[in-house]
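Here the structure is laid out as structure tokens; the discussion comes afterwards.
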Amino acid sequence: QHLEGIGSTFLYRKRSLVLAQEIGAKWIGYLSNRHDLEKKDNTWENYYDSFFGLGDKTCSLNEILSEYTNQRRKKMNFHHMMYDNPQLSLNNLCSIPKSRIKEKFWNRYNLTKSSVFVFLGESWEYEFLPPKFKREYRKKFMRGNDLFRNYCLFNSEFRARYEIAQKKRLGLKKHHNETWVTVHFRWGDVATNDVEQPDKRAGVGLSVYKNIANNELKKLPGHNKRVLFLSEGNKTLFESFLKRVPNSEYITNSGWTYGIDLLAQSDVIIGGTSSYFVLGAHLCKKCKVIQVANDARKFAAPSEKEKRAKKEHHIYIKH
């Protein structure tokens, strides 16, 4: 069964994250990972906003919820925002200059430091909906290419916050003279019976990944080249790759946070259409991204604003 991971959780919070970024507000909430949820007896133990440099140490989600439900205390000024409100469409937020969005929202709502936007319809509840209701949820709350306008959210500001947070937590750090080629082969919860016929999120068979990795290795200069194969499952399943790609290492059971830090610092990353891979690709500061399954929408930049964000990214994308 496919589980909603950290990549997907960004998709269903994209508008509130973009709005907070555009008007200079703090985003208070939580980013969930259903993979962790399954391992922890259905308890929400981990919140990952701080991993990406989001949130605010002086104001917690619990504090806001307490204020929201306690009508006797009104320290905060709440504004309810429906997720299907046209002014919150990503087409609107991702096309209008930041200064105009900020002025529009601050003036219209007479915002102060105690103002809180409560997003209705953008919630962790999606992950728990039965499959037949998920389609109706998407139809009501999603608009066109909302799922694919990633440069609107994962821009230079987002990457800068992530990089600062990564340094503070002393996360994985690549040695300056190393070159990393990272392969993300989606397996785990979407595993099939054959690595040559994987789930659509992996895109193509393992032998294609092997050929691409070997071709990229030949092009790269230097001697300290590492091929990091990122997946989930028994190592023996991937021997056809590991034995035929020089300097390859199997990375598993290190947690998704380790994998994100790895992808973000790699020189070349190879993967399919998985939201996790796409997230890592957008966090990579300067790298070559090879998407084996052609889904250009996830790296699209339809507005001038997004085109500038894509230009700032300094990555080369090859399908």
Quick check, is Phe141 surrounded by 13 or more Cβ atoms within 10 Å (Cβ to Cβ), at pLDDT below 70, more than 17 Å from the chain's Cα centre (by Cα) and not basic (Lys, Arg)? yes
Of the conditions (1) at pLDDT below 95; (2) in a strand (DSSP E or B), Gly203 fails just one. Which one is it? (2)
For the stretch 165-195, which positions are assigned to a helix (DSSP H, G or I) and either within 16 Å of Gln21 (Cα to Cα) or of a type in the set (Gly, Ala, Ser) (or both)? Ala165, Gly188
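Filter the stretch 265-299 down to residues that are polar (S, T, N, Q) and open to solvent by 10 Å² or more (accessible area, probe 1.4 Å) and give me whichever is nearest to Thr182 (Cα to Cα).
Here is the first cut: in the stretch 265-299, the residues polar (S, T, N, Q) are 265-266, 273-275, 291, 294.
Pick out the ones that are also open to solvent by 10 Å² or more (accessible area, probe 1.4 Å) and you get 265, 273, 275, 294.
Numbers: Gln265: 9, Thr273: 15, Ser275: 16, Asn294: 18 Å.
That would be Gln265.
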Could you check, for the stretch 160-180, whether at least one of its residues is in contact with a Ser or Thr (Cβ under 9 Å, 6 or more places away or on another chain) and closer than 22 Å to Gly272 by Cβ? yes
Go through (1) more than 16 Å from Phe229 (Cα to Cα); (2) free of Cβ contacts under 8 Å to residues at least 60 places away in the same chain and name the single condition Gly205 misses. (1)
Conditions: (1) under 21 Å from Phe10 (Cβ atoms); (2) modelled with pLDDT under 85; (3) outside any loop (DSSP other than H, G, I, E, B). Asp84 meets all but one. Number of the miss? (3)
Can you name the helices (runs of 4 or more DSSP H) wholly within the stretch 1-67 that have at least 1 residues being at pLDDT below 80 and either closer than 27 Å to Arg201 by Cα or under 12 Å from the mean Cα position of the chain (by Cα) (or both)? 34-39
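Every residue, every condition in (1) of a type outside the set (Val, Ile, Thr); (2) surrounded by 12 or more Cβ atoms within 10 Å (Cβ to Cβ); (3) within 25 Å of Ser156 (Cβ to Cβ), yes or no:
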residue	(1), (2), (3)
Leu88	yes, yes, yes
Leu93	yes, yes, yes
Pro97	yes, no, yes
Ile101	no, yes, yes
Arg108	yes, no, no
Lys113	yes, no, no
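The values are calculated or read from the model by the stated rules, or taken from the named source; none is laboratory data. Note that this is a predicted model, so its numbers are computed, not measured. When we count neighbours, we look across all protein chains shown, and the Cβ atoms used for this are built from the backbone with ideal geometry, even at glycine. These accessible areas exclude ligands, DNA and RNA; they are computed on the full protein's heavy atoms, side chains included. Shrake-Rupley method; radii C 1.70, N 1.55, O 1.52, S 1.80 Å.
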